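Asks: Below you'll find the structure I mean.
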Amino acid sequence: MYIPKLFEGAEITGREIMQAHSWALLMTTAEDGAPMATHLALVWQDDGSPHGSLIGHVARANPHWKLFDRPAESLALFWGPHAYVSPTWYTPGAKVPTWNYITVHAYGRPQIVEDTKDVLDVLAALARTYEGEGADAWALDRLPPGNAEAQTRGIVAFRIPLSRIETKLKLSQNREIADRHNVIEKLQGSDGQDAQATAQWMKRVLP
């Protein structure tokens, strides 16, 4: 990913983004060079390795998993809030429109999880991430006995040990401080949740 120095984010920030915005796009290159892409939930885990790992699953009918043994790495793309920025929000001058956004590219070779117990562990971890652990939270043990194991036959679970994480925070860091404050004010006044969230991220990177 092209990341000018001004827009480079720390890896710990990338981890935060992946955890907060875990609906991702997983891309793997086929033998003919064509990319295959699947939209799915990927959960980052701290496994003690330098960059951690991602876990997820795809439908067994989805041929994407058959590419996991390719020598090339897969790319998991995560995106957070983003918003259009009008040049009319800047101080006067010859200025042009742009788009502010945050995104993370995470790279690694997916490893298929074979053992049924390990597959259930992946599914349980995914459920805990999105359901929480309260009394009303759904969990695998709410299924009839043997049902969870039976349903694993319809999916392929996997883990991606990450080789690197790239984080880009394009949030008007290249603009004058007055322009940055003007953009924040305009985005905060928007009805859009993405725009408001982008404003909060812009505040985080102010000098």
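Asks: Using the crude model of +1 on Lys and Arg Cβ and -1 on Asp and Glu Cβ, and no other charge, please compute the dipole size for the chain relative to its Cα centre, in debye to 20.
Replies: Taking the Cα centre of the chain as origin, the dipole is about 640 debye.
Asks: Report in % the part of the accessible area of the chain that belongs to carbon and sulfur, leaving out ligands and nucleic acids; probe 1.4 Å.
Replies: Carbon with sulfur: 53 percent of the solvent-accessible area.
Asks: Then there's this: Between L25 and A135, what length in nm is gained on full extension when 0.36 nm per residue of separation is reduced by their alpha carbon distance? List each step's numbers first, then the result.
Replies: Numbers: separation 110, 0.36 × 110 = 39.60 nm, distance 3.17 nm.
Working it through step by step, the gained length comes to 36.4 nm.
Asks: Separate question: Mind pulling the per residue volume of the convex hull built on the Cα atoms of the range 1-63? Å³ is fine.
Replies: Spread over its residues, the Cα hull of the range 1-63 gives 128 Å³ apiece.
Asks: How many percent of the alpha carbon pairs in the range 133-207 exceed a separation of 14 Å? Before the final figure, lay out each step's value.
Replies: Values: 2061 of 2775 pairs.
Of all Cα-Cα distances in the range 133-207, 74 percent exceed 14 Å.
Asks: Enter the angle in degrees (range 0 to 90, nearest 10) between the Cα long axis of helix 11-20 and the first principal axis of the Cα atoms of the chain, meaning the one along which they spread out most.
Replies: 70
Asks: Put +1 on the Cβ of each Lys and Arg and -1 on the Cβ of each Asp and Glu in the range 110-183; which of T129, T152, L162 then has its Cα farthest toward the positive end of the dipole?
Replies: Most positive-ward Cα: L162.
Asks: Give, to the nearest whole percent, the P(r) tail of the range 83-122 beyond 13 angstrom, counting all Cα pairs.
Replies: Summing the P(r) of the range 83-122 above 13 Å gives 72 percent of all pairs.
Asks: Under Stokes-Einstein, with the Kirkwood radius over Cα pairs standing in for Rh, what whole-number D in µm²/s applies to the range 121-167 at 20 °C and 1.002 mPa s?
Replies: 168
Asks: For the Cα atoms of the chain, what angle does the longest principal axis make with the long axis of helix 116-131, in degrees from 0 to 90, nearest 10?
Replies: Helix 116-131 sits at roughly 40 degrees to that axis.
Asks: When the dipole is taken about the Cα centre of the range 1-74, and only Lys, Arg (+1) and Asp, Glu (-1) are charged at their Cβ, what size is it in debye, to the nearest 20? Display every interim value, and only then the final one.
Replies: Working: 5 positive and 9 negative charges, 40 e Å.
Computed about the Cα centre, the dipole is about 200 debye.
Asks: In whole Å, what is the distance between the alpha-carbon centres of the range 80-119 and the range 130-159?
Replies: 30
Asks: Expected output is a single nm value to one decimal: the length gained when fully extending between D47 and T91, i.e. 0.36 nm times separation in residues minus the C-alpha distance. What is it?
Replies: Here the segment from D47 to T91 would lengthen by 11.1 nm.
Asks: Now a separate question. Kindly provide the pair-distance distribution of the range 72-207 built from C-alpha pairs, with 5 Å bins from 0 and whole-percent values in order of increasing distance.
Replies: For the range 72-207, the binned pair fractions read 2, 9, 14, 13, 11, 10, 10, 10, 8, 6, 4, 2, 1, 0 percent.
Asks: So with the 1.4 Å probe, I'd like the accessible area per residue for the chain, rounded to whole Å².
Replies: Using a 1.4 Å probe on heavy atoms only, each residue of the chain averages 54 Å².
Asks: Mean shadow of the range 1-153, computed from the convex hull of its alpha carbons, in nm²?
Replies: 13.4
Asks: With all distinct Cα pairs included, what does the Kirkwood hydrodynamic radius of the range 58-138 come out to in Å, to one decimal, could you say? Intermediate results must be reported in sequence, preceding the final value.
Replies: Details: mean 1/r = 0.0579 Å⁻¹.
Its Kirkwood hydrodynamic radius stands at 17.3 Å.
Asks: Compare the peptides 94-105, 24-35 by average per-residue count of other Cβ atoms within 10 angstrom and give them in order, highest first.
Replies: Going from most to least packed, we get 94-105, 24-35.
The values are calculated or read from the model by the stated rules, or taken from the named source; none is laboratory data. The structure presented is a predicted model; accordingly, all values stated were derived computationally and were not measured. As a convention, Cβ positions derive from the backbone with ideal geometry for all residues, glycine included, and neighbour counts pool all protein chains shown. SASA here: full protein model, heavy atoms, side chains in, ligands and nucleic acids out. Shrake-Rupley method; radii C 1.70, N 1.55, O 1.52, S 1.80 Å.
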